[in-house]
């Protein structure tokens, strides 16, 4: 396929490794999102992260995961274009436009349910997203949400391999990654999604650190400083310090942080997804069955109705 098939390229944002444009197919007049990736003439061609994203998305087929339709290589320009389905906006952009900066509870439940469906699919297909954040969640006007930007995603194996800890945007990064674990798995996505759930409900990021150590302290203040009793083995992590300040946070502190924006069932779900011991966090599949998500509203009003 050729780039000449598309008209009206308008820049709409940036992904992990490329600029994203909105474009119209000349033949069908259908909208698409084109992610442009510049290829380095001095390197060996297509970046490995790009190859990984393409190969993963070709294998992933789910209603709540953005669909990759085509890959266009413009050899003369040294550019690669990934052709995706187009959705109106990302979750971050939507919440920024809302008068209250947060979503009504029906939308919070619906979006959370859809994201858990996507994660369940990814995790059962042995894929960790590794960069869940509101900017990487697309939303259309009907209220459908889709995971996108799999530039940091990768397949995982059993037994677990040693992975890089340079993953996940700081505010959504799990504590085991912040403290330098050499092994992690799907639980890091669960932590990120819990942070997103809280942010959707309150309009503010749950843990807003400005550095890795500040991020840890923000977590400790709300959930309590971990120790060998509530997190066996934590003292063995590379960046654990016995001198960490001691905070006595917990479920009550988390509930206070949520105010009246999340009910008791929602607080319980958050607590189960924000457990320090990664193996004890709810899996995506188990979280779908949590009582907070028993009654998912269907046929929500269009998202534009929230903008006032």
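The numbered conditions (1) assigned to a strand (DSSP E or B); (2) at pLDDT 95 or above are all true for residue 114 except (1). Considering each residue of the range 132-150 in turn, none proves to be over 17 Å from the mean Cα position of the chain (by Cα), more than 21 Å from residue 293 (Cβ to Cβ) and surrounded by 16 or more Cβ atoms within 10 Å (Cβ to Cβ).
The residues on offer are 259, 249, 224, and the sole one that is at pLDDT 95 or above and over 13 Å from residue 179 (Cα atoms) is 224. Comparison of 149, 140 shows that the only residue that is modelled with pLDDT under 90, outside the structural domain of residue 59 (by TED's automatic domain parsing) and within 30 Å of residue 299 (Cα to Cα) is 149. Those strands (runs of 3 or more DSSP E) of the range 1-106 in which 2 or more residues are more than 27 Å from residue 154 (Cα to Cα) occupy 6-14, 19-25.
On inspection, residue 283 does not qualify as free of Cβ contacts under 8 Å to residues at least 60 places away in the same chain and either assigned by TED's automatic domain parsing to the domain that holds residue 208 or more than 25 Å from the chain's Cα centre (by Cα) (or both). When 120, 186, 181, 124 are checked against the criterion of being in contact (Cβ under 8 Å) with a residue 12 or more places away in the chain, more than 16 Å from the chain's Cα centre (by Cα) and surrounded by 18 or more Cβ atoms within 10 Å (Cβ to Cβ), a single residue qualifies: 181.
Looking across the range 10-29, the residues that are over 25 Å from the mean Cα position of the chain (by Cα), surrounded by fewer than 17 Cβ atoms within 10 Å (Cβ to Cβ) and in contact (Cβ under 8 Å) with a residue 12 or more places away in the chain come down to 25, 26, 27. Remark: residue 269 matches the filter, which requires a residue to be assigned to a helix (DSSP H, G or I), under 15 Å from residue 108 (Cβ atoms) and in the same structural domain as residue 108 (by TED's automatic domain parsing).
The values are calculated or read from the model by the stated rules, or taken from the named source; none is laboratory data. Computed from a predicted model, the values in this text were never measured in an experiment. All Cβ positions, glycine included, derive from the backbone under ideal geometry; neighbour counts span all protein chains shown.
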